Amino acid sequence: MTVPPLLRAAAPMGLALAAAALVLVTASQLLPDRVTVVHLRDGATGLAASRSDLVLIASSLLVGLVLAWLVTAAALAWTPVRHLLVPHAEHWKAQPHRRELRLRLARWAARAFATAVWFVTALVVLAIGGQGDGPLATWWLPLLVSGLYVLTVVGGFAWALGLGFAVDGDVAPTAAARSGAAGDAEGPAAVARPAVTPARATTPARAGTATPARAAPGPRATTPVPSRGAPARRPTTSRATGGDPDGKGPPRPYQPRPNRGGPPRG
């Protein structure tokens, strides 16, 4: 039976939750009514709480982590790929690799929240073994566990960005790389390939008619271009001058203007 990829990605979170539930059930049975949570260097009690309060606080933290993990997983699954920030984005955001990108994001998110669940579980285990004169009744163990948790989170984040999304050598190249390689591969072939010009479609000649041969084109006639000098003025003629181009003609006789209904001018 094959396990779906999404269930395999959520396996770290499921294992951590199962361990946390087992520890909480054990704590509710083994812890005394008054629990010492923090020890001081001189062996005194730094912080104490009731058993029910400790179990309630740990359970609330675990429920909050589960809800935050579900919201994060849903956001990573439904957010458009163009808004996701991942290393080698040109490779992972290509269409053939988007499914693998979603699976890797879900896997690393489950690992991050599983680490937080293991941290809460470890603190409850320290509380169980640190009561009275138990072997874990020391002041430095909670500090050590907290420091390991911080180092694990920082190291896991660096590991995810560095190697979690590394591009393997056998992974198919991206579309840009494929187009560039195709162009390089077709370069020599395109140079060696002779150019083929499409043949003109000719209509079959009728039977009994000869196709006249096309005459060779002769030299084109060239017209002289006049020089760019001052344009010559065209001679003007008028009817008043009798058609004289120079505008000089015989003087016209005096012709008085006709009187239009007024008194005669003296």
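The values are calculated or read from the model by the stated rules, or taken from the named source; none is laboratory data. Since the model is a prediction, treat every value here as computed from it, not as a measurement. Positions of Cβ are generated from backbone atoms using ideal geometry, with glycine treated the same way; all protein chains shown enter the neighbour counts. Areas reflect the complete protein model, heavy atoms only, side chains present, ligands, DNA and RNA absent. Shrake-Rupley method; radii C 1.70, N 1.55, O 1.52, S 1.80 Å.
Things to note:
- Screening V81 with (1) closer than 25 Å to W140 by Cα; (2) without any contact (Cβ under 8 Å) to a residue 40 or more places away in the chain; (3) among the β-branched types (V, I, T); (4) in contact with a helix residue (DSSP H, G or I) (Cβ under 6 Å, 6 or more places away or on another chain) gives one miss only, at (1).
- Listing of helices (runs of 4 or more DSSP H) fully contained in segment 82-200 that carry 1 or more residues being in contact with a Phe, Trp or Tyr (Cβ under 7 Å, 6 or more places away or on another chain) and either modelled with pLDDT of 85 or more or open to solvent by 70 Å² or more (accessible area, probe 1.4 Å) (or both): 98-129, 140-159
- Residues that are at pLDDT 90 or above, aliphatic (A, V, I, L, M) and surrounded by fewer than 17 Cβ atoms within 10 Å (Cβ to Cβ) do occur in segment 2-14.
- Residue check for A18: under 16 Å from W108 (Cβ atoms), loosely packed, with under 14 Cβ neighbours inside 10 Å and either modelled with pLDDT of 85 or more or within 44 Å of the chain's Cα centre (by Cα) (or both): no
- The listed residue being surrounded by 11 or more Cβ atoms within 10 Å (Cβ to Cβ) and within 49 Å of the chain's Cα centre (by Cα), out of T36, T79: T79
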